[in-house]
Amino acid sequence: MDPVAVIKTLWHHKFVVLPVLLVTVLAAVYVYSFAPRSYEAKATYAIVNPKIPTAAELEKNPALNLLNSDNPYLRSADSSLIAQVVGTRLNDDTTGDALLREGLSTDFTVQRPPASFLIEIAAASETKDKAVATVKALGSRLEADLLAIQSINGADERFLYTSLMVAAPDNATEQFSSRLRSLIVVLVAGIVLTFGAVSIARGLETSRVRARSASPAGERKKSRRKGHHAPDPNGPATGVPGLDELTIQEILAPSQASHKTERLFAANSHGSEPLRSTSNGKSPVKETSA
């Protein structure tokens, strides 16, 4: 595609292109300035190992032996298993349903860095307050799930993993990427509409040119047909027989033939006086004057 040819085509149809571009620019300004915005709040939690009594502590305080230490996650060889389970429960559909019932945002993510005890929670919403409230609600759900999955066997809290907030969701920041995506969508739509309008304008222009070029040819054909059937102004008058219309009977009847011939020559002679014929009943005598 030749860029110069494209620019020339756009300029040729500038009365169609300019209004579309103006509407596109106005829409882009509106989207960037006044369209709904997105704010994101984040929080980071750390899963802390329980403080299991040592042998010296058990010997010094025998009452510790009476505590229920049946925490299933303490028996796991992978110490990060507890963080994986908590993250999976937060990503469940029931979490989104609970947030929806509370009127909070359902646009959230729960991530866990590989081989770590950290859980990162992020939530996005159209207002800062709603985004922060959503992250706080997810943090509360994390603590509840963490307690529920460890105490299924009635383990004492001394033998339970606990959560520690590393980064609090004190504020939500605006996500300019959301406005940028909306702006890109508007600009692409404007470009598509521009080329679509130019294509329609070119099609209409081509149709008009074909109609104008076909019209004179049709008129010439019609005029030729009319000229073919038009009577010759110098030809015989209507109602006057030609030479080929004389019959054998008229030739054999001199009186009738002379009268008809006189009419024929009178009609076909310009600027001449009518022919006069006299007959004695046997052979016509004609007098002609020019």
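Values as computed for the structure displayed
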item	result
Potential lengthening between K60 and T109 on full extension [0.36 nm per residue; Cα-Cα distance subtracted]	13.0 nm
Pairwise FRET efficiency - I152 versus R181, Cβ, R0 = 51 Å, nearest 0.05	0.70
Rg(Cα) / (2.2 N^0.38 Å) computed for the range 1-128, rounded to two decimals	2.09
Environment charge of L67, counting only residues whose C-beta is closer than 11 Å and scoring Lys/Arg +1, Asp/Glu -1	-2
Label-to-label distance, nm, for residues given as R208 and D78 (7 Å Cα→Cβ offset)	7.2 nm
Along principal axes, Cα extents of the range 100-178, largest first, whole Å	46, 31, 18
Distant-in-sequence amide H partners of S163 (H built 1.01 Å from N, under 5 Å)	V48
Spherically averaged projected area in nm², based on the convex hull that wraps the Cα atoms of the range 134-196	7.4 nm²
Phi-based couplings in Hz for the range 135-141 (Karplus 6.51, -1.76, 1.60; Gly and Pro marked x)	5, 5, 5, 5, x, 5, 5
Of the GluC sites (Glu not before Pro) in the range 78-159, those whose Cβ has at most 13 other Cβ within 10 Å and which sit in DSSP loop	E102, E126
Kirkwood-Stokes translational diffusion coefficient of the range 85-143, alpha-carbon pairs, 10 °C, 1.306 mPa s, µm²/s	137 µm²/s
Residue-wise HN-Hα coupling along the range 169-185, computed from phi with Karplus coefficients 6.51, -1.76, 1.60 (Hz; x: Gly, Pro)	x, 6, 8, 10, 9, 6, 9, 5, 5, 5, 5, 5, 4, 5, 5, 5, 4
Heavy-atom accessible area per residue - the range 51-95, 1.4 Å, Å²	65 Å²
Fraction of accessible area attributable to carbon and sulfur, the range 87-215 (%, probe 1.4 Å)	57 percent
Nearest-0.05 FRET efficiency for F34 and A197, computed from C-beta distance (R0 30 Å)	0.70
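The values are calculated or read from the model by the stated rules, or taken from the named source; none is laboratory data. As the structure is a computational prediction, the values presented were derived from the model and not from experiment. With ideal geometry, Cβ positions are generated from the backbone for all residues, glycine too; neighbour counts draw on all protein chains shown. Areas reflect the complete protein model, heavy atoms only, side chains present, ligands, DNA and RNA absent. Shrake-Rupley method; radii C 1.70, N 1.55, O 1.52, S 1.80 Å.
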